[in-house]
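I have placed the structure first, in the form of structure tokens, so that the comments after it can refer back to it.
The values are calculated or read from the model by the stated rules, or taken from the named source; none is laboratory data. Not measured: the values here are computed from a predicted model. Positions of Cβ are generated from backbone atoms using ideal geometry, with glycine treated the same way; all protein chains shown enter the neighbour counts.
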Amino acid sequence: MKKLSVLPVLLALVLLATGTLSATARSARAHAKVGRVHESPRAAAKMSRLQHGRRSATAPVVAGARRRGRRGASAKNIIVASHGRRQVRWAEHFSAPSFAENVDNLTLGDVSAGEDPIVRASLIQALGNMNGTALAIDPKTGRLLAMVNQKLALGPGAEPCSTIKLSVALAALSEGLIKQDTPVNIGGHYSLDLTHALAKSVNPFFEVLGRQLGFERVKHYANELGLGELAGYNVRGEQLGTYPSEELPKSQGGVGRMCSFGEGISMTPMQLGAIVSAIANGGTLYYLQHPTTPEEIANFSPKVKRQLNIGPIIPEILPGMAGAVNFSNGTGRSVRANFSEFPVMGKTGTCSNNGTRYGWFGSFADTPNGRIVAVFFLTGGRPTFGPKAAELSGMFYRALADRSYFLRASNTTVPATTPAIGPGQQ
């Protein structure tokens, strides 16, 4: 029998294998080039229904610092493939608008006859068409120089987000738990001091402090700073921000969660303004007053709510508030996009609830003619967050500078009265 040559057969097998491998390689390269595989609309709808009943087994458990906006707000799963591994990520959906359809509605009903016209015009210019409120305070007297969108400013408030860290920091400093440069271990071998924790708004740092202080001491200092009580003195329409009488359940994060971004607490813009004013003036908590007529301006007299024993520790907290603006990774560095003439110290806050995102920034500018406090509180969707409020604050200080406000002679200091009896008190 004639033998068949095996060489052509082997050659054919090699060519076939080479072609198959090349096709596989081309497919792999094409897949790598695409990078991500997005779920179909049908799968997205199915996962959206499932996520209301249970968490997907493949969904990552997000740390406290990243979960700040998840509760109460609608979210959806986005399935992606990365390097061959299937992952589920959570994307929060915001339903509240960040911008006003009619900008005139923001100031509708505001009572401004007793306000400083330059300060008011500068606040309105900075706020623009963003949904929110802005107010400015003279920290030496507690006078509200101007208040834009008074309906929101005088409302019941909202979660303070990371601005609550000012209260927690003052509590820990007052108790001798830390100093400005005390390293605090926040897990593993990673430690941080107060200055950098405030500047970068590091949640675990303040959760550690809160648990070490305990709820009762945290609440005591928060109440001393005015949380849970009216900030104004006979300010018509002011509503009360609340501070809970009991610790947040452990299942919801406990006192640590309350101290990282104010879970369960309601703070008003006026309350934050009063706290920042007390830091700016050395420890006097004033009742905020809002003159509404020229006569009330002429008869204005500061009213002290109480003297806070924080004078010695204020120098310990200021570097962190300054770092928020000046550090390259500070949460309030957007201030410097518009204003850098004088030092600005402040604290941002970002969180969300029920589809609405909050953006806070409480600050004061240290000018040659004295200090001025500003609070911006924004509500809306994804464009709304603390750094945006800080950016608008920089625009406010810039508008004041452009109007030569800082070149004016400083206001004559009105001697403060003894601690006043607040409205409704005996």
Every listed condition ((1) outside any loop (DSSP other than H, G, I, E, B); (2) modelled with pLDDT under 95) holds for L240 save (1)
Selected residue (criterion: surrounded by the most Cβ atoms within 10 Å (Cβ to Cβ)) from residues of the stretch 271-305 that are more than 23 Å from A153 (Cβ to Cβ) and touching a residue at least 12 places away in the same chain (Cβ under 8 Å): G283
I317 meets each of (1) part of a helix (DSSP H, G or I); (2) touching a Leu at 6+ places or on another chain (Cβ under 6 Å) with one exception, condition (2)
Can you pull out the residues in the stretch 297-337 that are touching a Gly at 6+ places or on another chain (Cβ under 9 Å) and modelled with pLDDT under 95? I297
How many residues are over 19 Å from the mean Cα position of the chain (by Cα) and polar (S, T, N, Q) if we restrict to the stretch 117-148? 4
Would you pick out the residues in the stretch 217-231 that are in contact (Cβ under 8 Å) with a residue 60 or more places away in the chain and outside any helix (DSSP H, G or I)? L225, G226, L227, E229, L230
Checking S352 against (1) at pLDDT below 95; (2) in a loop (DSSP other than H, G, I, E, B), only one condition comes out false. Which one? (2)
Which numbered condition in (1) at pLDDT below 55; (2) buried (at least 17 other Cβ atoms within 10 Å of the Cβ); (3) of a type outside the set (D, E, K, R) is the only one that F376 fails? (1)
Given the structure, is E229 at pLDDT 95 or above, closer than 30 Å to M147 by Cβ, more than 19 Å from the chain's Cα centre (by Cα) and surrounded by fewer than 20 Cβ atoms within 10 Å (Cβ to Cβ)? yes
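Can you tell me how many residues within the stretch 174-216 are of a type in the set (K, R), within 21 Å of G254 (Cβ to Cβ) and part of a loop (DSSP other than H, G, I, E, B)? Before you say what the answer is, go through the steps one by one.
Filtering the stretch 174-216 for residues of a type in the set (K, R) gives 179, 200, 211.
In the following step, the residues that additionally are within 21 Å of G254 (Cβ to Cβ) were identified as 211.
Okay, now just the ones that are also part of a loop (DSSP other than H, G, I, E, B), so none.
Residues that pass the stated criteria total 0.
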Can you name every residue in the stretch 172-204 that is crowded, with 24+ Cβ neighbours inside 10 Å, out of contact with any Ser or Thr (no Cβ under 8 Å at 6 or more places or on another chain) and over 17 Å from F361 (Cα atoms)? A172
